[in-house]
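First comes the structure, then the notes that go with it.
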Amino acid sequence: MPQSAEAIKDHVSLFREPEYKEMLREKRINFECPHPEETVREISAWTKTEDYREKNFSRKSLVINPAKSCQPLGAVFCGAGFDGALSFVHGSQGCVAYYRSHLSRHFKEPTSAVSSSMTEDAAVFGGLNNMIDGLANAYALYEPKMIAVSTTCMAEVIGDDLHAFIANAKDKGSVPKEFDVPFAHTPAFQGSHINGYDNMLLGILTHFWQNMERNPGGSINIIPGFDGFCVGNIRELKRVLDLMEVEYTIVCDPSDVFDTPSDGTFRMYDGGTTIYDSKAALNAKATLSMQEYCTKKTLAFAKEKHQETASLHYPIGVEATDEFLMTVSELTGKSIPDALVRERGRLVDALADSMSIAHGKTFAVFGDPDFVYGMCRFLMEMGAEPRHALATNGTKPWAKKMKALLESSPYGQDCEVWPGCDLWHLRSLLNTAPVDFQIGSSYGKYLERDTGTPLIRLAFPIFDRHHHHRFPTWGYQGGLQVLVRILDKILDRLDDDTNEAGVTDISFDLTR
Amino acid sequence: MSLEYTNDRSFHEQIIEEVLAAYPEKARKRRSKHLNVVSEGDSDCGVKSNIKSMPGVMTVRGCAYAGSKGVVWGPVKDVVHISHGPVGCGQYSWAQRRNYYVGETGIDTFGTMQVTSDFQERDIVFGGDKKLRQLIDEIEMLFPLAKGISVQSECPVGLIGDDIEAVAKEKAKDLGKPVIPVRCEGFRGVSQSLGHHIANDTIRDWVFGREKPSDLEDPTAGFEPSPYDVVVVGDYNIGGDCWASRKLLEEIGLRVIAQWTGDTSLAELERAPKAKLNLIHCYRSMNYISRHMEEKYGTPWFEFNFFGPSRIEKSLRAIAEYFDDTIKENVEKVIAKYRPMADAVIDKYRPRLEGKKVMLYVGGLRPRHMVNAYEDLGMEIVGAGYEFAHKDDYQRTTSYVKDGTLIFDDITGYEMEKFIERIRPDLVGSGIKEKYPIQKMGVPFRQVHSWDYSGPYHAYDGFAVFARDMDMAINNPVWGKFKAPWAEA
């Protein structure tokens, strides 16, 4: 009997017991009508060839294992960044269950959002009644300070008009007339979650700014963008900006709501940009986006409102942080304090101490366009060589910008850029043009299994490792975190490769 | 063993009144029909079910696509399942149900992959049928060992008037493989439940009822039936559940010719009608096809329960009634073989779990099926509810729960929070969306959809894991750390 009360075996070891192995073997042979093992081996080997790669890259319609999600996920993430805001997604209810699950699996935190629960009749007659009842119920039960409305593809296909529906619901008394209900159309069949973030943010700022007169001040707005590391990164931003004594507003700050304490109280809302600050943000001197591809429309809107604008690409490492600080300094006239110069020196010091470890190592990087840009930039800074830079939601202009970045360094010369490609494309790339390591989200674990390329998890979503998002990847401090993650993976791998007693352990060095 | 206890009826009635008070009037009227306190001897739980969720209340429910792709079809391992529509649905449901299977993913099996048509605006405007045709050819090019293809419709497909059935017929002929169109658009029905039903119907119509091109051999050819052939229906092999059940069924001398649909192959779907008995685990999601097999092939079905030793013993004996004395004798031998292990597990954990109060809010099966497994460990069920149950599920529930148990159908986030705040159960079993809010409140929690990344929980081998996990959740040292020592008591 494989199981016992003394040493309880769960799925990890139970099914490796002989009884189970035999049972599963018999199941396969007798009932599954499997392909001959030889055929499976043959096809498996073929998927690793140039021929397969060519076929794989010839597909026009099929998408396999994409590294992107749909717009409303970004809208719900965006809504979470505002004080007391409840995301309300107009359309089918299953979608909202999915966004909540997806975000909770990454952050290991509650994610609150409601749906207007449209069904077949609403598909025929439109979802106006769902909006009217939905806003009333959400307002009464969850006492939000505002409700941020976005849409699923169902509502978009049938053409529901949020502006009119919300006005109508207010007329019916679902929520008070003056209650804030910003909205954004977020069709899932355009762009990805980063566009949903942009659209929702634009919707919120448009709502607050549209009837206001701008009274320019000295403060700056910082928009972090869609970021799985928002908890660590936004806190790091605040620390750095406080050190610089800059007057700023983080526009969309989910760092607290995705990191609430366990003390006996469930906080459905926590922290976030307040309505007051959202309004006041119109008066800012400038708006700085930490992720250009998450904020194209929002930045254009800020510019329209006569604010200066600037944007970065997920600043990781020395140069990118330098650029961030200099941009802030330029926009605000504040100097960069000595404390930060010392932090910079410590990151450079760490890079110098470890220079030989990552140097020349090759990498594949996948994720959102800004992340891939920032990550490749830091890799090149350590003398590591990105070889594949892939963003399923990357566009041609992004690819062009990536190429310019890669050409700027001798370490980027052999890197290819893959906009619009998915992780099944990457599988072929890793099989035919292998690299030492990959950096991306948890989805990369299948590539690790299939191609043996070790994965460093630094991009959203991370489902199978805990708590990394609580630590920053931005700024000099964030750079240190990222550096250590990469070094640890390289050195663990080196130890694994050199630990067979009497065979490979001549290189099993105590000090490395 | 049966545990004697009752729940506090008047308290439960009072907290129902309390939560209802928060709703606007129209919503209050509707929600009041979904909450009740069950009485001993009732024929059902006295709640309305399987009706639309109200907008804006934070239902836990999913959609028909989740019921079809996520539950019934997704685990069929040697078939490629296309999430047909925009990218999100397939992304969020990618590899999240933990339907374990054996095979080389991407070569001869495709379970933990996200295959999608990734609809763009032009597909909405011009229709997706052309793309679907091309996409199926591309699947055939890259995955030649796939035994078939299913098309799992997302919301837009049904709204833009695509004819996926025509494409499926055409491509099935082209490829000589089944192509199964599933109309599980998320706006259909009121929850996952209709998706289960639609998926069941497509097995009936497109697997059993498929026209077999003459150049293809009959999938059931060469199959030698035996008098002990059974199918396990509605076990999705979460964390290997179905394997634990299979082992037990084989030990009593039965031959499991198919597992529906955890770790299943197309051949197992096709051959199932040859079985002598269908053993249903999840009645809610697969009773439809079982009833169809009963009508069409005369196969009887039986709803069994392998959660916890007392139900396992009861189920084994009931299953044996369908067979000859050999099986009956085997059942007694197997029970005798496992009882010492089950007793040892109970002896180890019951003292740590005795009297602990549990609330369950799950899909369509577990709020009743798991009750006795908890009671075997001395724990008491104080409240139970389903996301997408129907009337017959609530009827089946009354024989499991005790007098005064709080019943909640399609619970809202608000109700759940308030009920837990007032009842303060020792353990809540529900899903990922509920896990973190409840744990923040200081209440131990286990996910009982995914087994919280553990399992199996079925059969004797699984019961040991179940007991271990409940203990580690409830008796974890972290619960004592919520208040700082300097804080006032």
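The values are calculated or read from the model by the stated rules, or taken from the named source; none is laboratory data. Since the structure is predicted, the reported quantities are computational estimates derived from the model, not experimental observations. FYI the Cβ positions are ideal-geometry reconstructions off the backbone, even for glycines, and counts take in every protein chain you see. Surface accessibility is based on the protein's heavy atoms, side chains included, excluding ligands, DNA and RNA. Shrake-Rupley method; radii C 1.70, N 1.55, O 1.52, S 1.80 Å.
Out of the residues in region B:260-283 that are within 14 Å of chain A (Cβ to nearest Cβ), under 20 Å from B:GLU224 (Cα atoms) and not in a helix (DSSP H, G or I), which is nearest to the chain's Cα centre (by Cα)?
Step by step, filter region B:260-283, then rank; the result is B:TRP260.
Out of all the residues in region A:129-166, which are within 25 Å of B:PHE119 (Cβ to Cβ), away from every other protein chain (no Cβ under 11 Å), assigned to a helix (DSSP H, G or I) and open to solvent by 40 Å² or more (accessible area, probe 1.4 Å)?
A:HIS163
Output the residue which, of all residues in region B:376-397 that are assigned to a loop (DSSP other than H, G, I, E, B) and aliphatic (A, V, I, L, M), is nearest to B:ARG311 (Cα to Cα).
From region B:376-397, those assigned to a loop (DSSP other than H, G, I, E, B) are B:377-379, B:387-390; that's our starting set.
Subset that is aliphatic (A, V, I, L, M): B:377, B:379, B:389.
Values: B:LEU377: 13, B:MET379: 15, B:ALA389: 21 Å.
Going through the qualifying residues, I end up with B:LEU377.
Can you spot a residue in region B:185-196 that is at the interface with chain A (Cβ under 10 Å from one of its Cβ atoms), in contact with a strand residue (DSSP E or B) (Cβ under 6 Å, 6 or more places away or on another chain) and at pLDDT 95 or above?
Yes, because at least one residue in region B:185-196 is at the interface with chain A (Cβ under 10 Å from one of its Cβ atoms), in contact with a strand residue (DSSP E or B) (Cβ under 6 Å, 6 or more places away or on another chain) and at pLDDT 95 or above.
Quick one: which helices (runs of 4 or more DSSP H) sit completely within region A:256-367 and have at least 3 residues that are of a type in the set (D, E, K, R) and either in contact with a Lys or Arg (Cβ under 7 Å, 6 or more places away or on another chain) or surrounded by fewer than 20 Cβ atoms within 10 Å (Cβ to Cβ) (or both)?
Working: elements: A:275-280, A:296-304, A:318-332, A:338-353, A:355-358.
In region A:256-367, the matching helices (runs of 4 or more DSSP H) lie at A:296-304, A:318-332, A:338-353.
Out of all the residues in region A:428-449, which are in contact with a helix residue (DSSP H, G or I) (Cβ under 6 Å, 6 or more places away or on another chain), farther than 19 Å from A:ILE486 by Cα and not hydroxyl-bearing (Ser, Thr, Tyr)?
Selection gives A:ASN431 alone.
Tell me, which helices (runs of 4 or more DSSP H) wholly within region A:1-65 include 3 or more residues that are under 28 Å from A:ASP422 (Cα atoms)? Steps first, answer last, please.
Values: elements: A:11-14, A:18-31, A:37-46, A:50-58.
Helices (runs of 4 or more DSSP H) meeting the threshold: A:37-46, A:50-58.
With (1) in contact (Cβ under 8 Å) with a residue 24 or more places away in the chain; (2) away from chain A (no Cβ under 14 Å) as the list, and B:VAL79 as the residue in question, which single condition is left unmet?
(2)
Do we find a residue being in contact (Cβ under 8 Å) with a residue 40 or more places away in the chain and either more than 30 Å from A:ALA364 (Cα to Cα) or not basic (Lys, Arg) (or both) anywhere in region A:7-22?
No: zero hits.
Scan region B:99-111 residue by residue and report those that are open to solvent by less than 30 Å² (accessible area, probe 1.4 Å) and either aliphatic (A, V, I, L, M) or within 9 Å of another protein chain (Cβ to nearest Cβ) (or both).
B:THR105, B:GLY106, B:ILE107, B:ASP108
Yes/no matrix, rows are residues, columns are (1) open to solvent by 10 Å² or more (accessible area, probe 1.4 Å); (2) in a loop (DSSP other than H, G, I, E, B); (3) on the phi > 0 side of the Ramachandran plot:
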site	(1), (2), (3)
B:MET416	yes, no, no
B:GLU421	yes, no, no
B:VAL428	no, no, no
B:LYS433	yes, no, no
B:GLN439	yes, no, no
B:TYR457	no, yes, no
B:TRP486	yes, yes, no
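In the set A:ILE234, A:ILE220, which member is more than 14 Å from chain B (Cβ to nearest Cβ) and either farther than 24 Å from A:ALA459 by Cα or open to solvent by 20 Å² or more (accessible area, probe 1.4 Å) (or both)? Quick ask: steps written out before the conclusion?
Working: A:ILE234 fails: either farther than 24 Å from A:ALA459 by Cα or open to solvent by 20 Å² or more (accessible area, probe 1.4 Å) (or both).
Selected residue: A:ILE220, the only one of A:ILE234, A:ILE220 that is more than 14 Å from chain B (Cβ to nearest Cβ) and either farther than 24 Å from A:ALA459 by Cα or open to solvent by 20 Å² or more (accessible area, probe 1.4 Å) (or both).
Applying the selection to region B:27-66, what residues are in contact with a His (Cβ under 6 Å, 6 or more places away or on another chain) and aliphatic (A, V, I, L, M)?
Within region B:27-66, B:VAL37, B:VAL47 qualify.
Check whether at least one residue in region B:284-293 is part of a helix (DSSP H, G or I), among the charged types (D, E, K, R) and open to solvent by 10 Å² or more (accessible area, probe 1.4 Å), and report yes or no.
yes
Can you give me the number of residues within region A:182-209 that are surrounded by 23 or more Cβ atoms within 10 Å (Cβ to Cβ), within 25 Å of A:GLU143 (Cβ to Cβ) and not aromatic (Phe, Trp, Tyr)?
8
Kindly indicate whether any position in region A:99-106 is in contact (Cβ under 8 Å) with a residue 12 or more places away in the chain, surrounded by fewer than 24 Cβ atoms within 10 Å (Cβ to Cβ), under 21 Å from the mean Cα position of the chain (by Cα) and at the interface with chain B (Cβ under 7 Å from one of its Cβ atoms).
yes
Residue by residue, here is whether (1) of a type in the set (Phe, Trp, Tyr); (2) in contact with a Cys (Cβ under 8 Å, 6 or more places away or on another chain); (3) farther than 24 Å from B:MET58 by Cα holds:
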residue	(1), (2), (3)
A:SER150	no, no, no
A:ALA164	no, no, no
A:PRO187	no, yes, no
A:ASP198	no, yes, yes
A:LEU201	no, yes, no
A:ARG239	no, no, yes
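From A:SER58, A:SER44, A:SER13, grab the single residue that is surrounded by fewer than 18 Cβ atoms within 10 Å (Cβ to Cβ), facing another protein chain (nearest Cβ under 7 Å) and among the hydroxyl-bearing types (Ser, Thr, Tyr).
Within the list A:SER58, A:SER44, A:SER13, the selection yields A:SER44.
Considering only residues of region A:66-96 that are open to solvent by less than 10 Å² (accessible area, probe 1.4 Å), in a helix (DSSP H, G or I) and farther than 16 Å from A:PRO144 by Cβ, which is farthest from the other protein chains (Cβ to nearest Cβ)?
Applying the filter and picking the extreme gives A:PHE77.
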